[in-house]
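Here's the structure we're looking at; comments come further down.
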Amino acid sequence: MQVRHNCIGILGGGQLARMSLQAASRLGISIAILEKHSGSPAGMLTRKEFAGWVDNHILLEQFARQCDAVTLENEFIDASNLYFIETLGIRMVPSSDTIALIQDKYIQKRTLAAAGIPVPAFIPVTDTSEYQKLKKLFGKKFLLKSRKMGYDGYGNAMITSPEDYVSSIEKLTKRHSDIYAEGFVNFEKELAVMVVRTQKEVKTYPVVETIQENHICKLVLAPAGIPKKTAELAKQIAVAAVEAVDGFGIFGVELFCNSAGDVLVNEMAPRPHNSGHYTIEATVTSQFENHIRSVLGLPLGSTEMNCKNAVMINILGRGDGTGEIKNMDKLMKMGDFYLHNYGKKVSRPGRKMGHITLKGDDMSVLIKQAKKIERTVVI
Ligand code: AMP
């Protein structure tokens with residue numbers, strides 16, 4: 001029987017859903033968006049916009065029944081709501097079982113470690129945990145992390161003293177009850193690999209370097225300036241991580257790499273990822289198009305770069321205001337670059353409002369240009 005390939009549902013309407021929608025619409029595939037409020041970055045671009053959330057199963061069913069398959073842009077949706085979609089006979093990509101293994105970072109680490117994938121040392125924090133015991137295990141410096149809902153460093157705390165430990169436990173447990181502790185990794189670089197997998201094939205994108213500011217990804221350099229051997233190892237580990245959670249669809253795997261060339265998984269995201277935004281212009285098939293293809297089980301496109309180097313820089317909110325870029329005239333005169341404004345209505349400090357990608361030969365020139373353009377944006 002011919003599959004319809006008409007409509008994919010996305011749970012969430014932020015920038016990842018918006019850019020997935022933009023890729024889908026070029027292929028003639030429509031997107032339905034479920035988001036808490038109407039007028040979200042993706043919701044404003046489709047007529048199939050559902051305002052409400054996944055705990056409303058009447059709405060969730062109405063939404064899912066419009067779709068050939070459903071995917072998500074945020075892994076923190078309770079897996080039981082994804083399972084509900086599957087019970088309707090509608091495919092979730094990735095599956096509810098995969099999401100259940102990822103959305104709790106402690107379970108994710110345990111699953112990866114059990115599959116023999118290198119991860120930082122980790123242990124759950126319980127009522128009987130004590131600073132001195134953890135210090136003995138990890139050394140003077142370690143992290144406490146919320147098991148759920150942590151992103152862009154929210155839900156993480158660096159611990160270097162008994163005082164840090166007490167105040168962070170209090171702060172983190174207020175936010176989310178369960179915590180785990182993780183050894184500090186003295187990494188040289190942070191890397192990321194996008195992996196896209198269907199029942200028939202698996203492909204990796206080039207290994208990129210990510211540079212964070214205040215725990216938020218600021219710059220992505222593609223490809224990462226690392227030895228070929230390290231890049232191959234990073235790709236192998238990233239694919240093994242996706243297989244360990246029985247993952248299908250697209251995944252962003254974040255890695256730490258030290259000067260000896262060891263590679264550890266920091267965490268994985270079961271969706272398009274900020275480290276893959278450069279692929280829209282700098283690879284043959286973007287992460288968003290391959291995401292759409294993988295959700296529908298279509299053959300995947302090439303993940304090769306179409307240029308020597310690319311740099312992506314995030315436009316982060318600087319203060320409270322609107323998401324409007326106020327100096328487009330000036331920006332558009334600053335040379336050749338690709339601007340993405342996510343259309344968010346409200347800007348907050350650190351909020352991802354858009355991004356810019358540049359392509360060229362000389363990485364250091366691209367980085368300089370990217371920073372200059374980003375500094376010029378008035379938002
Ligand atoms: P996360 O949201 O857990 O990925 O953490 C955000 C950022 O905190 C990472 O990109 C790293 O820069 C840093 N970080 C997280 N875990 C560790 C670790 N175990 N050792 C050193 N730095 C870390």
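The values are calculated or read from the model by the stated rules, or taken from the named source; none is laboratory data. As the structure is a prediction and not an experimental result, all values here were calculated from the model. Neighbour counts are summed over all protein chains in view; Cβ atoms, including those assigned to glycine, are modelled from backbone coordinates with ideal geometry. Quick note on the areas: whole protein, heavy atoms, side chains included, nothing else; ligands and nucleic acids left out. Shrake-Rupley method; radii C 1.70, N 1.55, O 1.52, S 1.80 Å.
Taking every DSSP helix (H) stretch of at least 4 residues in the chain, weighting each as -39,500 (n - 2.57) and dividing the sum by the residue count yields a mean residue ellipticity at 222 nm of -9000 deg cm²/dmol. Per residue, the solvent-accessible area of the range 132-210 (1.4 Å probe, heavy atoms of protein chains only, all protein chains present) comes to 53 Å².
So what's the gap between the Cα centers of the range 148-217 and the range 236-278, to the nearest angstrom? Using only Cα atoms, the two centres lie 12 Å from each other. Extension gain, Ser161 to Arg26, is 43.3 nm, computed as 0.36 nm per intervening residue step minus the present C-alpha separation. Protein heavy-atom accessible surface, 1.4 Å probe, per residue over the range 14-67: 48 Å².
Normalised by 2.2 N^0.38 Å, with N the number of residues, the alpha-carbon radius of gyration of the range 101-222 equals 1.17.
Across the accessible surface of the range 231-379, with the other protein chains kept in place and a 1.4 Å probe, carbon and sulfur atoms take up 50 percent. If the segment from Asn56 to Ser364 were pulled out straight at 0.36 nm per residue, it would be longer than the present Cα-Cα gap by 105.9 nm. Magnitude of the charge dipole for the range 1-146, about its Cα centre and with charges confined to Cβ atoms of Lys, Arg (+1) and Asp, Glu (-1), is about 680 debye. For a test of the definition: using alpha carbon positions, the gyration tensor, and the 1.5 limit on a/c, classify the range 204-248 as rounded, prolate or oblate. Since a/c reaches 1.5 but b/c is at least a/b, the shape of the range 204-248 is classed as oblate. Think of a 1.4 Å ball rolled over the protein heavy atoms: the range 225-286 then has 33 Å² of accessible area per residue. Within the listed set Lys174, Lys352, Lys203, the Gaussian network model of the chain (springs between alpha-carbon atoms below 10 Å) gives the highest mean-square fluctuation for Lys174. Within the same chain, lysines fewer than 8 places from Lys308 are excluded, and of the rest, those with a Cα less than 18 Å from its Cα are Lys228, Lys359, Lys368. For Met149, the accessible area of its heavy atoms, probed at 1.4 Å with every protein chain present, is near 80 square angstrom. If you sort Lys200, Lys345 by accessible surface, 1.4 Å probe, largest first, the order is Lys200, Lys345. Rolling a 1.4 angstrom probe over the range 25-139 with all protein chains present gives an accessible area of which 51% lies on carbon and sulfur atoms. Above 35 Å, the calculated P(r) of the chain contains 25 percent of its Cα-Cα pairs.
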